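A.B. asks: A single structure is presented below for examination.
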């Protein structure tokens with residue numbers, strides 16, 4: 001392997017170390033902000049380190065055909081150390097600013113959706129429920145009034161209706177008795 005390839009490998013491994021440091025800070029920041037169950041922390045820790053190893057080996061594969069030597073580890077350590085000494089605080093502050101901005105943007109979008117979509121729909125719903133409630137009350141009142149009017153108009157005919165009902169009942173009973181006599185066999189006398 002040439003010196004240029006070795007220097008390029010160490011430089012890229014230093015960059016991988018710095019990226020791993022940034023990933024670690026990002027992971028720790030999110031882990032501190034939200035309560036995560038212990039079993040999930042274990043899964044996330046393992047996922048972080050597996051992803052970091054895969055990143056390093058992918059870079060190694062592209063740069064020097066996956067040859068692992070001790071300067072590679074020195075490059076990773078140097079990159080991570082430089083990141084933690086020089087850039088960790090700035091990156092954490094930047095990340096907090098981005099999180100704050102994303103949170104503000106999310107709340108603003110939710111407020112706009114609430115004002116432009118949800119509130120008009122609720123207004124129309126309330127307006128329709130008031131309108132239908134009013135129409136139902138008017139129809140109920142009108143129906144009650146008409147029913148009372150029908151009862152009042154039918155009151156003189158109530159006695160006549162009762163007489164007709166009794167007459168119809170007697171006629172039906174007589175017809176029923178004739179049908180029974182006709183259908184049932186005659187008893188011996």
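The values are calculated or read from the model by the stated rules, or taken from the named source; none is laboratory data. Keep in mind that this is a model prediction, so the values were computed, not measured. Cβ coordinates were reconstructed from backbone atoms using ideal geometry, including for glycine residues, and neighbour counts include every protein chain displayed.
A.B. asks: Identify the residue in the stretch 66-78 that is touching a helix residue (DSSP H, G or I) at 6+ places or on another chain (Cβ under 7 Å), farther than 24 Å from residue 28 by Cα and assigned to a helix (DSSP H, G or I) and, among all such residues, is modelled with the highest pLDDT.
C.D. replies: 72
A.B. asks: For residues that are touching a helix residue (DSSP H, G or I) at 6+ places or on another chain (Cβ under 8 Å) and more than 28 Å from residue 93 (Cβ to Cβ), tally how many sit in the stretch 28-65.
C.D. replies: Counting residues in the stretch 28-65 that are touching a helix residue (DSSP H, G or I) at 6+ places or on another chain (Cβ under 8 Å) and more than 28 Å from residue 93 (Cβ to Cβ) gives 3.
A.B. asks: Among the listed residues 94, 30, which satisfies the condition of being surrounded by 10 or more Cβ atoms within 10 Å (Cβ to Cβ) and at pLDDT below 85?
C.D. replies: Details: 94 fails: at pLDDT below 85.
Exactly one of 94, 30 is surrounded by 10 or more Cβ atoms within 10 Å (Cβ to Cβ) and at pLDDT below 85, namely 30.
A.B. asks: Take the residues in the stretch 1-14 that are at pLDDT 80 or above and in contact with a helix residue (DSSP H, G or I) (Cβ under 6 Å, 6 or more places away or on another chain), then tell me which one is nearest to residue 52 (Cα to Cα). Let's see the steps before the verdict.
C.D. replies: Kept after step one, since they are at pLDDT 80 or above, are these residues of the stretch 1-14: 11-14.
Then keep just the ones that are in contact with a helix residue (DSSP H, G or I) (Cβ under 6 Å, 6 or more places away or on another chain); that gives 12-14.
Numbers: 12: 14, 13: 11, 14: 13 Å.
My answer is 13.
A.B. asks: Now for a different question. Of the residues 44, 60, 40, only one is surrounded by 10 or more Cβ atoms within 10 Å (Cβ to Cβ) and over 39 Å from the mean Cα position of the chain (by Cα); which? If you could, list the steps in order and put the result at the bottom.
C.D. replies: Values: 44 fails: over 39 Å from the mean Cα position of the chain (by Cα); 40 fails: over 39 Å from the mean Cα position of the chain (by Cα).
From the options 44, 60, 40, the qualifying one is 60.
A.B. asks: Next up: Please tell me if residue 53 is over 22 Å from residue 83 (Cα atoms), free of Cβ contacts under 8 Å to residues at least 60 places away in the same chain and part of a helix (DSSP H, G or I).
C.D. replies: On the way: over 22 Å from residue 83 (Cα atoms): no; free of Cβ contacts under 8 Å to residues at least 60 places away in the same chain: yes; part of a helix (DSSP H, G or I): yes.
Against the criterion (over 22 Å from residue 83 (Cα atoms), free of Cβ contacts under 8 Å to residues at least 60 places away in the same chain and part of a helix (DSSP H, G or I)), residue 53 does not qualify.
A.B. asks: Condition (residue is farther than 30 Å from residue 2 by Cβ, surrounded by 10 or more Cβ atoms within 10 Å (Cβ to Cβ) and touching a helix residue (DSSP H, G or I) at 6+ places or on another chain (Cβ under 9 Å)) applied to the stretch 79-87: is it met by at least one residue?
C.D. replies: Yes, because at least one residue in the stretch 79-87 is farther than 30 Å from residue 2 by Cβ, surrounded by 10 or more Cβ atoms within 10 Å (Cβ to Cβ) and touching a helix residue (DSSP H, G or I) at 6+ places or on another chain (Cβ under 9 Å).
A.B. asks: Among the helices (runs of 4 or more DSSP H) lying completely within the stretch 82-189, list those that include at least 1 residues that are closer than 30 Å to residue 13 by Cα. Even if it seems obvious, please write down each step before you answer.
C.D. replies: On the way: elements: 88-113, 119-154, 158-183.
In the stretch 82-189, 88-113 are the helices (runs of 4 or more DSSP H) which contain 1 or more residues that are closer than 30 Å to residue 13 by Cα.
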